[in-house]
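The values are calculated or read from the model by the stated rules, or taken from the named source; none is laboratory data. Quantities reported herein were computed from a predicted structural model and do not represent experimental measurements. Cβ placement follows ideal geometry from the backbone for every residue including glycine, while neighbour counts extend to all protein chains displayed.
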Amino acid sequence: MTLEARTSAPPSHQVAAITQWWKRPAVEWPALLRGFTTAHYLTLVAAFLLLLYIDRRQWFFFDEWEFLATRGLGGQSLRLFFPHNEHWSTIPILIFHALYAVVGLRTYIPYIVVLLLLHLGTGYLLWRAMLRSGGDGWMATALAAVFLLLGAGYENLIWAFQITFITSTLCGVGMLVLADHGKERFGVRDAAVWMVAIVGLMSSGVGITMVAVAGVVALLRRGWRAALVTLSVPAAVYIVWLAAIGHNGFYATTVTKGTILLIPDFVWKGLTATVDGATGLVGFGAVGIVGLLCWLLYHHRDATRLAIPFAGAIGAVVFFVLTGLGRASYGIDQGTAAHYIYVATALLLPITAVIASTVARRALVVQMALLALFVFVIGHNLHELASQANFYAGVKQQSKQQILAGAQLIASRAPLIGSQPDPRFAPDLTTGDLAQMLREGALPNPTGLTQTNYLDAQLALQVDIATTPEVPMSGAVTVAAGGGGFLQRLSNGCVQATTYGANHYLVLRFTSPGSVRLSSPATEVVQATLQMPPQGGQSDVRNLSFTAGSPVYLSGAVGGDQVTLYLPPNAMQICGGSPVSATAG
């Protein structure tokens, strides 16, 4: 053998060693067997601090105003047991009102802290459930870490209103652990399941699924009698509430034959979106769900021993079936909503831990592959969470500044005709509610307000559209056609704005308070902005709705406003204004 041959080719025993390395058995890491518990607690602390930092710019948004503004504020009825949409929400309403009594709206941090503590509690109980199901300690810790930073379920991590879903999910996971026992007689744990179940039901509709999941655990572990006992009291409580008052929340929910036919697609869409979103591996969802189903069928004889994983997997399907009854009619893509992915992920984690632990015990190379996958998954979820938090923080801060600018208008006793300080993102908040909050000192200091914020508030509160004029039609409004269109005089004294090009807009200048009548031949949404010459600047866009053939009145409460309407192709008729440069009809 030449020197070159001897130096370029490794000895045969080295080749064999390299080949056998990939087949080495999984590492047991005996020195670290107890370390996963400490690691999990450190993960909880780190996740709390990181999430609190990510959420530092969030503020009150959309449904939260229903809890804050229409439930007991200013002497209104608390309606403590009245549903929010179809959800029984007594517990979240109490939480919001307790926080409002202490900090008002001066800071959002306490609301977020409660949300995050509930979320961390859910993560901890999931970790316990995974260990109880036979998952390896480090595998359970890693999966719990993914859940704690679940960017795919970002809505539940950046929006305090989702105390509703998280409380029900927390109670559901707690019921999984409590119901997983083999004692034949009714005991303290069974009574605890009842109490936790009722709290979950009183927090959101997710509680229904969670009660069913607890019933499945009892069924698998102790049989039909135990399952019926587990379901009995929570079901009775919910039925009484539903019959007495809860049915009022289902006025907008209509289940048709078409809705039922969409349920399978809705369930499949929701399950695959959960796997895709949680892992960041687009397209993996279908493979993952089919693989999970095959594993469950193959190990069906172990269902009694693996009651929690089996019940969780069944519960994920039940959850999307029940959700689909109310949401499938809006399209099956509704099943991909982040707050649904959060719940489904929690339900699927125990079975994921069992399967992943089994696979990880096979070989070192599998452990290395899973480690790389976990690093990728956590990075993906953290990026998604930070991106969504940053986007919604911008939206919520703009809403906050507009609402605070509206409060300044109220405090200055300016003339107001609009009833909603922010109709886009706070539809349940009225000027009366805001005035009450102002009197109670519940609002934060209005710092950093810009001219755009004030124009947004003025467009919402000093310009309005209604079926009757809110300010007398004094003829103090001039009407001019912008680019892409012209005005044509009509025989009835009105003018018609006709579009012949793109980006046609109409300019209405209120020289003093007044109203004009507008009518459109088609049902459409028109974008409007507000300027106040000569200061310059322009508000953000507000959408105004028009119904075909139904005239409405656009009113301005103060002089000097200039409202620009960006018109669609259909002609619009304007009455009561003084046209500028109109042609004869």
In the stretch 523-580, residue farthest from SER491 (Cα to Cα) [restricted to those that are in contact with an Asp or Glu (Cβ under 6 Å, 6 or more places away or on another chain) and among the polar types (S, T, N, Q)]: SER539
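Any residue that is crowded, with 16+ Cβ neighbours inside 10 Å, within 27 Å of ILE403 (Cα to Cα) and modelled with pLDDT of 95 or more - is there at least one of those in the stretch 117-127?
No: zero hits.
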Return the only residue of VAL237, VAL233, VAL196 being among the hydrophobic types (A, V, I, L, M, F, W, C), within 18 Å of GLY315 (Cα to Cα) and buried (at least 16 other Cβ atoms within 10 Å of the Cβ). VAL196
One residue is enough: does the stretch 168-175 have a residue meeting the conditions more than 16 Å from the chain's Cα centre (by Cα), assigned by TED's automatic domain parsing to the domain that holds ALA353 and either surrounded by fewer than 20 Cβ atoms within 10 Å (Cβ to Cβ) or within 21 Å of ALA389 (Cβ to Cβ) (or both)? no
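Can you confirm whether SER357 is closer than 30 Å to MET130 by Cβ and of a type in the set (Ser, Thr, Tyr)?
Here the answer is yes, as SER357 does meet what is asked.
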So which of ALA69, ALA101, ALA47 is more than 30 Å from GLY151 (Cβ to Cβ) and buried (at least 20 other Cβ atoms within 10 Å of the Cβ)? ALA69
Kindly establish whether SER515 is touching an Asp or Glu at 6+ places or on another chain (Cβ under 8 Å) and among the hydroxyl-bearing types (Ser, Thr, Tyr). yes
Go through the residues of the stretch 104-114 one by one and say whether even a single one is outside any loop (DSSP other than H, G, I, E, B) and more than 22 Å from LEU382 (Cα to Cα). yes
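State all residues of the stretch 567-578 that are surrounded by fewer than 20 Cβ atoms within 10 Å (Cβ to Cβ) and under 13 Å from VAL525 (Cβ atoms); if no residue qualifies, say none. Steps first, please.
Initially, the stretch 567-578 is screened for residues surrounded by fewer than 20 Cβ atoms within 10 Å (Cβ to Cβ), giving 568-571, 573, 575, 578.
Result: PRO568, ASN570.
What residue, of PRO427, PRO415, PRO421, is under 22 Å from MET532 (Cα atoms), surrounded by fewer than 16 Cβ atoms within 10 Å (Cβ to Cβ) and out of contact with any Cys (no Cβ under 6 Å at 6 or more places or on another chain)?
Values: PRO427 fails: under 22 Å from MET532 (Cα atoms); PRO421 fails: surrounded by fewer than 16 Cβ atoms within 10 Å (Cβ to Cβ).
Going through PRO427, PRO415, PRO421 in turn, the sole match is PRO415.
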Cβ-Cβ under 7 Å pairs, at least 6 apart or on other chains, the stretch 394-407 side under 14 Å from THR452 (Cα atoms), far side of a type in the set (Phe, Trp, Tyr) and in a helix (DSSP H, G or I): ALA405/TYR454
